């Protein structure tokens with residue numbers, strides 16, 4: 001029988017730190033347990049919600065923002081190239097220079113919200129004065145068409161070439177034709193056309209492949225002469241030379257290595273075709289063999305050379321001077 005008279009009753013109840021094991025001791029010191037009061041916190045709360053259902057998750061914020069944006073979405077329209085299949089001139093300097101030169105164009109394309117400077121202002125004024133359509137598009141569409149980030153394009157018209165037969169038919173007597181054997185620089189091409197028009201040539205003939213074409217650069221270099229002089233593309237220059245010979249032309253080739261000089265040529269008053277070689281290689285072997293005469297332009301310094309357009313200009317000037325006598 002237990003005597004409870006002089007002993008304090010001990011009641012086991014939750015949180016009673018006097019019971020055995022209620023106080024745990026560790027290196028950090030003594031700590032008292034909860035007595036089971038927090039056991040409900042260990043109960044499972046179900047599967048983890050999806051990311052878009054968690055209020056503070058980025059996916060939930062995107063979902064909320066998308067729900068608020070009820071504006072109808074307009075499908076992006078890809079910018080179309082101008083009809084006609086012409087060249088696209090890109091860049092502020094190139095566009096304003098082409099418009100100044102009067103290059104035949106289809107339309108001016110300008111990006112929205114473009115930073116306006118003097119070149120843009122002048123381009124717009126020139127386009128209006130030339131009654132040229134102006135189309136405004138998104139900047140990304142301009143870049144997609146040309147790769148340029150300057151926000152302006154000029155679509156030029158494809159050049160309308162003549163045929164060799166048309167040149168010969170309209171040529172005056174004695175005929176004067178210029179043929180280019182693989183000239184690849186469009187600026188040289190434009191300069192040749194300009195000189196040919198200045199000295200009374202009937203037309204310019206060039207090859208279709210591996211040669212410059214009538215691009216915007218050639219137009220600008222010709223200073224408008226390309227619209228007044230007939231220019232033809234041929235598939236085979238050697239056959240064209242044969243055709244010129246049948247029509248009564250003497251074929252004169254220009255080559256810096258020739259021993260005969262321009263001043264020794266006695267055929268200036270005859271119908272002639274002057275053939276100019278490429279910038280690097282000069283006359284090709286077959287074309288050189290087809291020439292009736294190959295001449296050079298004498299120079300004081302033997303180490304110097306002339307490019308195709310300059311050599312053509314000198315030869316045409318000399319022929320024109322001989323014909324005036």
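Summary of values
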read-out: Residue among 129, 123 that is more than 30 Å from residue 312 (Cβ to Cβ), surrounded by fewer than 18 Cβ atoms within 10 Å (Cβ to Cβ) and in the same structural domain as residue 93 (by TED's automatic domain parsing); value: 129
read-out: Boolean, residue 211 is more than 22 Å from the chain's Cα centre (by Cα) and within 30 Å of residue 255 (Cβ to Cβ); value: no
read-out: Given (1) closer than 15 Å to residue 179 by Cα; (2) touching a residue at least 24 places away in the same chain (Cβ under 8 Å); (3) in a helix (DSSP H, G or I), index of the condition residue 239 fails; value: (2)
read-out: Filter pass, residue 269 being surrounded by fewer than 18 Cβ atoms within 10 Å (Cβ to Cβ) and closer than 22 Å to residue 325 by Cα; value: yes
read-out: Residues satisfying the stated conditions in region 271-284, i.e. touching a strand residue (DSSP E or B) at 6+ places or on another chain (Cβ under 8 Å), at pLDDT below 95 and in a loop (DSSP other than H, G, I, E, B); value: 283, 284
read-out: Residues that are touching a strand residue (DSSP E or B) at 6+ places or on another chain (Cβ under 9 Å) and assigned to a loop (DSSP other than H, G, I, E, B), drawn from region 206-236; value: 208, 210, 211, 212, 213, 214, 215, 229, 230, 235, 236
read-out: Candidate set from region 293-306 (those that are touching a residue at least 24 places away in the same chain (Cβ under 8 Å) and exposed (fewer than 15 other Cβ atoms within 10 Å of the Cβ)); member that is farthest from residue 245 (Cα to Cα); value: 305
read-out: Among (1) assigned to a loop (DSSP other than H, G, I, E, B); (2) under 30 Å from residue 178 (Cβ atoms); (3) more than 17 Å from the chain's Cα centre (by Cα) - the single one residue 99 does not satisfy; value: (1)
read-out: Subset of region 102-115 (residues that are closer than 21 Å to residue 144 by Cβ, touching a strand residue (DSSP E or B) at 6+ places or on another chain (Cβ under 6 Å) and part of a loop (DSSP other than H, G, I, E, B)); value: 112
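Residue-by-condition table, conditions (1) surrounded by fewer than 22 Cβ atoms within 10 Å (Cβ to Cβ); (2) modelled with pLDDT of 95 or more:
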{"residue": "161", "(1), (2)": "yes, no"}
{"residue": "171", "(1), (2)": "yes, no"}
{"residue": "178", "(1), (2)": "no, yes"}
{"residue": "185", "(1), (2)": "yes, no"}
{"residue": "196", "(1), (2)": "no, yes"}
{"residue": "201", "(1), (2)": "no, yes"}
{"residue": "215", "(1), (2)": "yes, no"}
{"residue": "219", "(1), (2)": "no, no"}
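The values are calculated or read from the model by the stated rules, or taken from the named source; none is laboratory data. The structure displayed is predicted, hence computed values, not measured ones. Using ideal geometry, Cβ is built from the backbone for each residue, glycine included, and neighbour counts are taken over all protein chains shown.
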